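Participant: First, the structure itself, so that you have it in front of you.
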Amino acid sequence: MAAEYAIELRNINKSFGSVAANKNINLTVKQGEILALLGENGSGKTTLMNMLSGIYKPDSGQIFVDGKEVVINSPEDSKKLGIGMVHQHFKLVEIFSAADNIWLGAEPGDGGKKAGLSRVLLKKERYDEIARTAEQFGFHIDPKKPVQAMSVSEKQTLEIIKVLYYGAKIVILDEPTAVLTVQEIEKLFDILRKMKAQGRSIIIISHKLNEVLEISDRVAILRKGEYIGTVETAETDQEALTELMMGKKADLNIRRTKIEKKNPLLEIRDLTVKNDEGAIAIDHVNFYVRGGEMLGVAGIAGCGQKELCEAIAGLRKIESGMMNHNGESIVGLSPQKIIEMGISMSFIPEDRLGMGLAPSLSITDNMILKKYKNNRLSPLVDRKTARRDAQEVIDELEVVTPSAEIPVRRLSGGNVQKVLLGREIKSEPNVLITAYPVRGLDINSSYTIYRILDDLKQKGVGILFVGEDLDVLLALCDKIMVLCHGKVMGVVHASKTTKEQLGLMMTGVLDLSEANGKTAGIAKDSNIKEVQP
């Protein structure tokens, strides 16, 4: 008779120095269910799952798999027990192909046991075996494709295929939808349901409450390292889950303060930018951002948002067009000069540690990175101010850390993100370019960020807000510019537009720039005219 639970954790404890990440955790995962693991950033979710995947070992407590007590000392032990984890930061070798990444951890007979394959395989046999595993679950992947040429969705697909290839019956997914499009999320959920129907148990860590309610059977909640309880998904809602996570009722209203608009701080005219492959990513785009105004940018992932932000920040060469800040051209200026002029960019990349911050440096030292060149009169680094800024970011954004001197790589993903955004805010810009600022953050942290951005707007800062959640864009921003394949489909007033209209514009069905008979945002005669919805 099969055990009721695929996983059972009893009194699990884990500390890092003086910080208790998990305190007496008791948790069960049923056979053939999807369990969502919910909690604020730093509540211990990933730490707990890392003990199941063999990355960490509990200080005390018991782990049961299929009703039998086990000891997991390494990822290899976890794999042999049928546990596979897809981490938030992918564990792939970029220069290797999909097939080679899957076979890196193979032991003689691993992965291909059913086919009686040895470790030394012909490439064709490798590809065929991987293709069969992928097709079984409805995945599509090219085994020959190098990881460095893959999209985020393809990398995640590869990670899932890898754990299934080695026979995982229990699959753990850490923030699997953080950087996926709506269409990719729907596809992933279909695959998870298929895996569940085949008897696999799935644990999904997520901060997106609407997705948790859509995909899970039960929801387990952690708060500050402690297990609060597990509820049936069908018997709860977003408000109840938020209260369980935070221990109090939360105000889920987004504030949009009306400010008397000033002159444009940032003007973009006929901007054309290419992507890394040499294709046009931004195609003759026109818009402006005024002081005290938040302009949202909506679009399906890969429609030029990244290239637009990098061009304004001086990180990407433009092909043609004009970019003015306070009437002065910033085309061709270095990123440092653009920062000195008051333009700050907070782009939350797919790899926050690889692009946004220096992982081996402390929070304090990461604060210094954008300021150390500012004082030309002294070669000394102002650590006192940096330490004060770091502590203010920790306090204001509720960063979970023992101190400001902890290396950033030791923080949870959400807390890394808070440090990254907090650093940009502390630079006191007059124009802030922020892309995906709440990606991967819990609901409390997200609403804190929304309030901070609105406070900056009240101080006269012009904000370009690239976002994924249309409901948030409509509630937070003053105007929204919609991109489709690098072109502006229109600039609309958020208070007079619906989510359905934005969706039609994002897919190219509705083009308000053509309907109004002019280029969106700024007319060619340089007279600034808004496109009306």
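The values are calculated or read from the model by the stated rules, or taken from the named source; none is laboratory data. Values in this document were obtained by computation on a predicted structure and should not be read as measured data. Note that each Cβ is placed from the backbone with ideal geometry, even for glycine, and that neighbours are counted across all protein chains shown.
Participant: Quick check, is residue 239 outside any strand (DSSP E or B) and at pLDDT below 90? Walk me through how you get there before you give the answer.
Facilitator: On the way: outside any strand (DSSP E or B): yes; at pLDDT below 90: yes.
Answer is yes for this residue.
Participant: Then there's this: Looking at this structure, is residue 462 in contact (Cβ under 8 Å) with a residue 60 or more places away in the chain, in contact with a strand residue (DSSP E or B) (Cβ under 6 Å, 6 or more places away or on another chain) and not acidic (Asp, Glu)? Let's see the steps before the verdict.
Facilitator: Values: in contact (Cβ under 8 Å) with a residue 60 or more places away in the chain: yes; in contact with a strand residue (DSSP E or B) (Cβ under 6 Å, 6 or more places away or on another chain): yes; not acidic (Asp, Glu): yes.
Against the criterion (in contact (Cβ under 8 Å) with a residue 60 or more places away in the chain, in contact with a strand residue (DSSP E or B) (Cβ under 6 Å, 6 or more places away or on another chain) and not acidic (Asp, Glu)), residue 462 qualifies.
Participant: Can you give me the number of residues within the stretch 260-304 that are surrounded by fewer than 17 Cβ atoms within 10 Å (Cβ to Cβ) and over 16 Å from residue 486 (Cα atoms)?
Facilitator: Residues flagged as surrounded by fewer than 17 Cβ atoms within 10 Å (Cβ to Cβ) and over 16 Å from residue 486 (Cα atoms) within the stretch 260-304 amount to 4.
Participant: Where residues in the stretch 360-377 are in contact with a strand residue (DSSP E or B) (Cβ under 7 Å, 6 or more places away or on another chain) and not hydrophobic (A, V, I, L, M, F, W, C), which of them is modelled with the lowest pLDDT? Break it down stepwise before answering.
Facilitator: Pass one, the stretch 360-377, residues in contact with a strand residue (DSSP E or B) (Cβ under 7 Å, 6 or more places away or on another chain): 360-362.
Imposing the further condition that a residue be not hydrophobic (A, V, I, L, M, F, W, C) reduces the set to 360, 362.
Working: 360: 88, 362: 92.
Among them, the one singled out is 360.
Participant: Can you tell me which of 221, 228, 202 is surrounded by fewer than 21 Cβ atoms within 10 Å (Cβ to Cβ), more than 15 Å from the chain's Cα centre (by Cα) and either modelled with pLDDT under 90 or in the same structural domain as residue 139 (by TED's automatic domain parsing) (or both)? Give the derivation first.
Facilitator: Values: 221 fails: surrounded by fewer than 21 Cβ atoms within 10 Å (Cβ to Cβ); 202 fails: surrounded by fewer than 21 Cβ atoms within 10 Å (Cβ to Cβ).
After ruling out the rest, the residue left standing is 228.
Participant: Just give me the residues in the stretch 378-410 being at pLDDT below 85 and not in a helix (DSSP H, G or I), in sequence order.
Facilitator: Listed by number, the residues that qualify are 378, 379, 380, 381, 382, 397, 398, 400.
Participant: Consider residue 142 carefully, then state whether it is modelled with pLDDT of 80 or more and of a type in the set (Asp, Glu). Don't jump to the end; show me each part of the working.
Facilitator: On the way: modelled with pLDDT of 80 or more: yes; of a type in the set (Asp, Glu): yes.
So residue 142 fits the description; yes.
Participant: Take residue 345 and decide whether it is at pLDDT below 90, crowded, with 16+ Cβ neighbours inside 10 Å, within 25 Å of residue 489 (Cα to Cα) and not charged (D, E, K, R). Spell out how you get there, then give the answer.
Facilitator: Details: at pLDDT below 90: yes; crowded, with 16+ Cβ neighbours inside 10 Å: yes; within 25 Å of residue 489 (Cα to Cα): yes; not charged (D, E, K, R): yes.
Yes: the conditions hold for residue 345.
Participant: Now, a different point. Look at the stretch 122-162 and say how many of its residues are in a loop (DSSP other than H, G, I, E, B) and free of Cβ contacts under 8 Å to residues at least 60 places away in the same chain. Break it down stepwise before answering.
Facilitator: Let us first name the residues in the stretch 122-162 that are in a loop (DSSP other than H, G, I, E, B), namely 122, 137-145, 150-151.
Restricting the remaining residues to those that are free of Cβ contacts under 8 Å to residues at least 60 places away in the same chain gives 122, 137-145, 150.
Total satisfying the criteria: 11.
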